[in-house]
1. Tell me, what are the semi-axes, in whole angstrom and largest first, of the equivalent ellipsoid of region 15-102 as set by the roots of 5 times the Cα gyration tensor eigenvalues?
2. Among Tyr35, Gly13, Gly83, pick out the residue whose Cα is farthest towards the positive end of the charge dipole of region 13-103, where Lys and Arg carry +1 and Asp and Glu carry -1 on C-beta, about the Cα centre.
Amino acid sequence: MAEQRQRALSTSGEALYKLLGLEKGASHEEIKKCYRKLALKYHPDKNPNNPEAAEKFKEINNAHATLSDVSKRNIYDQYGSLGLYIAEQFGEENVNTYFMLSSWWAKGLFAFCGLLTGCYFCCCLCCCFNCCCGKCKPKPPVEEEEFCMSPEDLEEQIKTDMERGTHYCGDADILFSTHILILSFS
């Protein structure tokens, strides 16, 4: 089977209308009428030995599915097939954000802020997304070694702590240290 050429994504939003033989902005009824006419003409049952007709039928179905869905049609009319691809990858609600962030002024603002602060990704990714290049990455905490103490040794430790000024509250299982600070004024 011959390899098919990958179609380039466009931002014009006209190819699906041309495929159905319509002008951009056609009504839902016009789209439906042209789809039915072309679907009958290129249906695989009417053209059993013609693989090109089957391919054309798939393209017509895809065009109809896109143009008959209101949200997909709005995205296609505004951003073309690239907008549909972005909607498929990131969700329909993120299409406007993608195109806004890929505009020339957003790129310029990003470059300006990066030059102004000297920070493009290192600090921003560290602070905002917990992803770091290593320059600003904090050192991991040192894990304390676990140790076991026998009850006799624990009792001995409590006695020595009490002699040094550390008080033990048995009810709350908390050790309190008392430190005396002597200030001398001359």
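1. Details: eigenvalues 157, 42, 17 Å².
They are 28, 15, 9 Å, listed largest first.
2. It is Tyr35.
Read the figures in this text as sums done on the coordinates, not as results from a lab. All of these numbers come straight from a predicted model, not from anything done at the bench. Ideal geometry is used to build each Cβ from the backbone, glycine not excepted, and the neighbour counts take in all protein chains shown.
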